[in-house]
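Here the structure comes first, spelled out in structure tokens, and everything after it is commentary.
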Amino acid sequence: MKEWEAEKERFAGNLSWYQEVLNELYFHVLARVDEYNTLVQEAHHMYVGVKGIFNVGSPLVPSSMKRLPLKKYVPAQWYDTIFYDGYYLGYNEGYERARPPRP
């Protein structure tokens with residue numbers, strides 16, 4: 001029984017380490033996707049050439065280039081957790097601000 005408990009503790013430590021590494025990886029990927037989306041959004045506003053009546057120039061980034069969806073780069077369950085936790089946090093903060101003060 002002691003061996004089983006020791007093995008469980010060792011496994012729990014390894015599993016915890018794996019979760020931390022995976023979490024860091026997802027945050028790294030999300031940060032890079034977010035940076036890319038910001039760069040593309042800024043580039044959509046840049047124009048190469050003359051922008052005027054005849055639109056001789058063209059946008060730096062073609063309209064076919066779209067923002068990368070975060071759902072494509074992280075597991076659905078992980079994305080849903082972030083989305084719903086953020087949604088409820090914002091909802092609760094808004095509710096607390098809109099609620100009249102207690103007497």
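The values are calculated or read from the model by the stated rules, or taken from the named source; none is laboratory data. The structure displayed is predicted, hence computed values, not measured ones. Glycine gets a Cβ as well: all are built from the backbone with ideal geometry, and neighbour counts include every protein chain shown. We work out accessible area using only protein heavy atoms, side chains counted, and drop any ligands, DNA or RNA first. Shrake-Rupley method; radii C 1.70, N 1.55, O 1.52, S 1.80 Å.
P101 satisfies every condition listed in (1) within 25 Å of E24 (Cβ to Cβ); (2) assigned to a loop (DSSP other than H, G, I, E, B) except (1).
Taking residues in the stretch 13-30 that are modelled with pLDDT under 85, and partners anywhere that are of a type in the set (G, A, S) and part of a helix (DSSP H, G or I), not one pair has Cβ atoms closer than 9 Å while being at least 6 places apart or on different chains.
Checking each residue in the stretch 1-58 for being within 17 Å of the chain's Cα centre (by Cα) and small (G, A, S) picks out only A31. Within the stretch 1-35, the set of residues being of a type in the set (K, R) and over 22 Å from L70 (Cβ atoms) comprises K2, K8, R10.
Quick one: which residue in D80, D34 is of a type outside the set (V, I, T), open to solvent by 80 Å² or more (accessible area, probe 1.4 Å) and at negative phi?
The unique qualifying residue is D34.
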